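Input: a single structure, listed below in structure tokens.
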Amino acid sequence: MRDVPVPALARRCALLGGALLLLTSCGWGGGGDGEGDGGGLPAVPTGVTAKAGSATTVHVMWHAVEDVESYEVYRGGTLVKEVPASRRMVDVTRLSPSTAYVFTVRARDADGRLGPRSREVRATTPAAVADDSAPTRPGDVRGRAAGSRAVQLTWSAATDDREVVSYDVYQGDAKVHSVGGGQTATVVTGLRPGTRYSFTVRARDAADNVSPAGAVVRLTTPGTDDGRATAPTDLRAASHRADGAYYLDLSWIPPDSESPVAEYQIHLDGRAATSLVYGADAPRDRAEYSFYAGREAGVTHRVRVRARLADGTWGGFSAERKVTLGAGGRPGSGSTPGR
């Protein structure tokens with residue numbers, strides 16, 4: 001397929017056989033290493049904890065820092081992990097058994113500037129054991145809403161022929177939390193009001209054997225969320241022609257959130273068409289996106305966008321826009337609200 005011009009900073013995705021296929025991560029450049037202009041350094045991450053997950057892993061967690069692009073996790077003075085701002089936890093692997101470690105976390109902003117290190121937290125991995133048996137599944141898993149943005153989970157202890165070292169908490173299929181093997185309760189935060197969630201708990205031993213999941217806990221946080229607070233705003237849609245074909249050009253303002261939104265879903269004519277995934281440089285101000293839409297002029301499409309939020313759920317939809325191929329203009333010049 002030949003290269004075609006697209007809006008500044010945008011990548012192209014192709015419409016083949018009526019379905020959108022994502023060809024690239026569609027990420028924007030921006031930010032680099034070293035100092036940038038304006039503003040102070042990112043804040044110090046707070047709430048940093050470290051818990052041994054097995055004889056060779058430690059689970060590190062922290063609270064979110066506003067207006068950052070990524071976090072760096074250090075073991076002593078060595079950088080061991082870098083994760084996007086949408087994540088606030090990481091498993092540090094390939095460690096040595098029976099060893100004490102020190103961890104710190106730093107935040108990096110869009111200009112590539114690193115903030116100060118967090119306070120040091122310590123964790124000691126347990127001794128390695130020859131163990132091929134996984135722990136039993138946690139029993140009597142229960143949950144309740146703790147306000148509109150958190151849930152409290154409890155369970156009965158799993159058993160193991162050696163020792164349960166930690167419990168992993170999953171929200172859907174994603175691991176979101178970990179606690180020590182002596183705990184049978186935890187609080188999961190960063191949720192949304194009026195949203196349905198499902199959680200499971202698994203036990204882990206020192207040899208990294210993981211139990212089957214305990215019973216699924218399904219609950220809905222109280223309150224209401226009509227989606228407007230989490231929806232992209234000011235969606236604009238237009239089309240342009242290049243090399244005998246038409247392209248839809250979209251732009252929108254990301255929803256206000258504590259960390260940059262790294263994933264969007266685009267709906268075309270009432271159906272989910274594609275997911276747009278950014279790296280650590282997800283836009284904070286205005287996002288832009290362009291994709292192939294066909295060769296026939298005069299065809300009208302309806303389009304809307306929603307964001308995947310930090311809690312793993314989809315936010316509300318943007319206002320729907322209509323755009324007619326060949327009508328001219330660029331995003332922001334003549335896009336028409338859907339009716």
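Derivation of every value follows stated rules applied to the coordinates shown; laboratory data play no part. Everything quoted here is computed from the prediction, not taken from an experiment. In this analysis, Cβ positions are derived from the backbone assuming ideal geometry, glycine residues included, and neighbour counts consider all displayed protein chains.
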Karplus couplings for region 281-292 from phi (6.51 cos²θ - 1.76 cosθ + 1.60, θ = phi - 60°), rounded to Hz, Gly and Pro as x?
-> 9, 4, x, 9, 8, 10, 9, 9, 7, 9, 8, 5
Give the whole-number value, in cubic angstrom per residue, of the convex hull volume spanned by the C-alpha atoms of region 125-173.
-> 117 Å³
At R0 = 45 Å, FRET efficiency that the Cβ-Cβ distance of Thr159 and Glu82 yields, to 0.05 = 0.75
What length, rounded to one decimal in nm, is gained on full extension from Leu41 through to Arg122, with 0.36 nm per residue of separation minus their alpha-carbon distance?
-> 26.6 nm
Given a Förster distance of 25 angstrom, what is the FRET efficiency for Ala215 paired with Asp91, based on the Cβ-Cβ distance and rounded to 0.05?
-> 0.55
Apply the Karplus parameterisation 6.51 cos²θ - 1.76 cosθ + 1.60, with θ equal to phi minus 60°, to every residue of region 77-84 and state each ³J(HN,Hα) to the nearest whole Hz, in sequence, with x for glycine and proline.
-> x, 9, 5, 10, 8, 10, 10, x
Using the beta-carbon distance between Ala100 and Asp226 and R0 = 41 Å, what value does 1/(1 + (r/R0)^6) give for FRET efficiency, to the nearest 0.05?
-> 0.25
Where the Cα atoms of region 58-197 are projected onto their three principal axes, how long is each span, largest first, in whole Å?
-> 49, 44, 23
Would you mind computing, in nm to one decimal, how far apart the modelled labels at Ser198 and Ser148 are, each placed 7 Å from Cα along Cα→Cβ?
-> 2.6 nm
Among 52-61, 86-95, what's the highest-first ranking by average C-beta atoms within 10 angstrom per residue?
-> 52-61, 86-95
